[in-house]
Every structure is written in structure tokens, then in C-alpha cells.
Amino acid sequence: MLIGLTGTNGAGKGEVAKYLREKGFNYFSLSDILREELNKKSLELSRKNLQNIGNQLRKKFGPGILAERTIKKIKDKSIIDSIRNPEEIRKLREFAKKSGTVFFLLSVDAPIKLRFERLKERRTIESAETLEEFKKREQFEMGKEIHWQQIDTCMKMADYTIINDGTLEKLYKKINKILKEI
């Protein structure tokens with residue numbers, strides 16, 4: 001079984017992945033491919049650089065390139081995190097079908113003000129100083145250009161959606177309900 005994760009910044013995808021890892025899932029992130037590329041080019045690990053290198057790779061090698069490179073590493077019962085382009089979803093679904101397993105795409109979202117506050121608390125490279133700046137950055141991630149991030153389109157392609165607007169215990173209950181269904 002393969003579970004793909006997509007969703008908005010600060011929604012809790014990392015918490016979902018962490019919980020599934022505790023349930024015995026292997027973990028892979030499409031962003032690891034981007035980090036590898038940034039390291040090769042000796043570029044700073046920043047959200048902007050990650051986005052730019054991802055867009056460059058998709059333009060040069062096709063919008064599914066991050067999934068194609070990650071597929072080579074995937075083992076059974078895995079989580080594939082950081083899905084941001086519809087072609088990545090198509091590649092993963094195609095891979096699952098060919099390998100005789102199932103693929104489910106899980107979208108994680110939360111209200112924007114809550115996500116902004118979570119990221120401010122974390123003080124990660126994703127952090128924005130103001131809610132307006134956060135909203136502007138998010139619009140960039142919702143692009144329509146074929147080689148760019150298209151998170152909103154990916155979220156619409158999800159088999160399941162979790163609205164993570166409560167406690168971790170509530171999040172775990174939502175994940176367990178989905179796991180029982182699949």
C-alpha cells in the first residue's frame with residue numbers, strides 16, 4: 001500500500017507522516033530530491049530555492065520527474081510526502097498499478113490562520129512574517145503552470161481529505177478511520 005500526502009503548508013502533513021511511520025510505513029518525500037539537487041549546486045536550503053529547483057526540474061524533465069526519481073526508492077507500505085503537481089500523482093498511481101499495489105492520495109488542510117500560527121511557532125524556513133505574506137506565498141504554490149506547484153489541483157485529486165483543525169488525538173482518530181476504510 002502506498003499513501004501519498006498533499007496539502008497546504010502548515011496543515012499537518014508532517015504529523016500525519018510521523019503517525020503513519022509509527023504504524024510501520026516507510027517514508028519518502030519528493031522534497032528529498034530537491035534537497036539533493038540544492039546540495040549538488042551548493043545552494044541554500046530555503047523554501048524559495050526548493051520551489052525554484054522543483055519548477056526547474058519539472059520544466060527540464062517533465063512535471064512527474066520528482067515522482068519518477070522517488071519511485072526508484074519506494075518499498076511496500078510507504079508514505080510519499082510533498083506531492084505538489086498532478087503529474088506526480090499520475091506517476092505514482094501508474095507505478096502502484098504496475099507493481100500490483102494500491103495508492104491512496106490523502107490531502108491535509110486546516111484554516112489558513114491556524115496554519116500561519118503553527119508555522120510561526122515552528123519558526124521553519126516556511127515561516128512568513130505576516131498573514132498577508134503567508135497568503136501571497138500560498139498563492140504561488142497554487143499555480144496553474146504545468147511545471148509548477150499546483151497544490152490546489154492535487155488536493156482536488158485526493159481520495160481522502162483531512163481537515164486538521166483540532167488536537168493531535170483528533171487527527172489520529174481521523175487517520176485511523178481512513179486506514180480502516182482502505
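The values are calculated or read from the model by the stated rules, or taken from the named source; none is laboratory data. Note that the coordinates shown come from a computational prediction; the quantities given were computed from them, not determined experimentally. Neighbour counts run over all protein chains shown; Cβ positions are idealised from the backbone, glycine included.
Apart from one condition, Leu131 fits all of (1) at pLDDT 95 or above; (2) of a type in the set (A, V, I, L, M); (3) in contact with a helix residue (DSSP H, G or I) (Cβ under 7 Å, 6 or more places away or on another chain); the exception is (1).
Going by what's in this entry, would Gly7 be described as surrounded by 13 or more Cβ atoms within 10 Å (Cβ to Cβ), at positive phi and either at pLDDT below 95 or not polar (S, T, N, Q) (or both)? Yes; evaluated as a whole, the condition is true for this residue. Number of residues in region 56-79 that are out of contact with any helix residue (DSSP H, G or I) (no Cβ under 8 Å at 6 or more places or on another chain) and buried (at least 19 other Cβ atoms within 10 Å of the Cβ) equals 1.
Out of region 101-137, which residues are within 21 Å of Leu20 (Cα to Cα) and not charged (D, E, K, R)? Scanning region 101-137 gives Thr101, Val102, Phe103, Phe104, Leu105, Leu106, Ser107, Val108, Ala110. Within region 37-49, the residues that satisfy the criterion of being surrounded by 12 or more Cβ atoms within 10 Å (Cβ to Cβ) and at pLDDT 90 or above are Glu37, Leu38, Leu43, Asn49. Of the residues making up region 78-114, those that are more than 17 Å from the chain's Cα centre (by Cα) and farther than 30 Å from Glu132 by Cβ number 9.
Contact map, region 147-169: residues that are farther than 20 Å from Ile89 by Cα and touching a residue at least 60 places away in the same chain (Cβ under 8 Å) paired with residues that are of a type in the set (S, T, N, Q) and in a helix (DSSP H, G or I), Cβ distance under 7 Å, separation 6+ or inter-chain. No pairs are found.
Being among the polar types (S, T, N, Q), in contact with a helix residue (DSSP H, G or I) (Cβ under 7 Å, 6 or more places away or on another chain) and on the phi > 0 side of the Ramachandran plot narrows it down to one of Ser31, Ser107, Ser82, so name that one.
Criteria check complete, one pass: Ser82.
Once region 14-24 is narrowed to residues that are modelled with pLDDT of 95 or more and out of contact with any helix residue (DSSP H, G or I) (no Cβ under 8 Å at 6 or more places or on another chain), the residue that is surrounded by the most Cβ atoms within 10 Å (Cβ to Cβ) is Ala17. A Cβ distance below 6 Å, combined with a sequence gap of six or more or placement on separate chains, defines the contacts here; from region 11-22, residues that are closer than 27 Å to Phe134 by Cα reach residues that are part of a loop (DSSP other than H, G, I, E, B) in the pairs Ala11/Ala110; Ala11/Asn164; Gly12/Asn164. Filter region 98-128 for residues that are polar (S, T, N, Q), at pLDDT below 90 and exposed (fewer than 15 other Cβ atoms within 10 Å of the Cβ) and give the result. Of everything in region 98-128, just one residue is polar (S, T, N, Q), at pLDDT below 90 and exposed (fewer than 15 other Cβ atoms within 10 Å of the Cβ), namely Thr124.
If only residues of region 147-163 that are within 16 Å of Pro111 (Cβ to Cβ) and either at pLDDT 95 or above or not in a helix (DSSP H, G or I) (or both) are counted, the one that is nearest to the chain's Cα centre (by Cα) is Met155. Just checking, does region 81-95 include any residue being among the charged types (D, E, K, R), in contact with a Ser or Thr (Cβ under 8 Å, 6 or more places away or on another chain), surrounded by 19 or more Cβ atoms within 10 Å (Cβ to Cβ) and touching a residue at least 24 places away in the same chain (Cβ under 8 Å)? Yes; the residues of region 81-95 include at least one that is among the charged types (D, E, K, R), in contact with a Ser or Thr (Cβ under 8 Å, 6 or more places away or on another chain), surrounded by 19 or more Cβ atoms within 10 Å (Cβ to Cβ) and touching a residue at least 24 places away in the same chain (Cβ under 8 Å).
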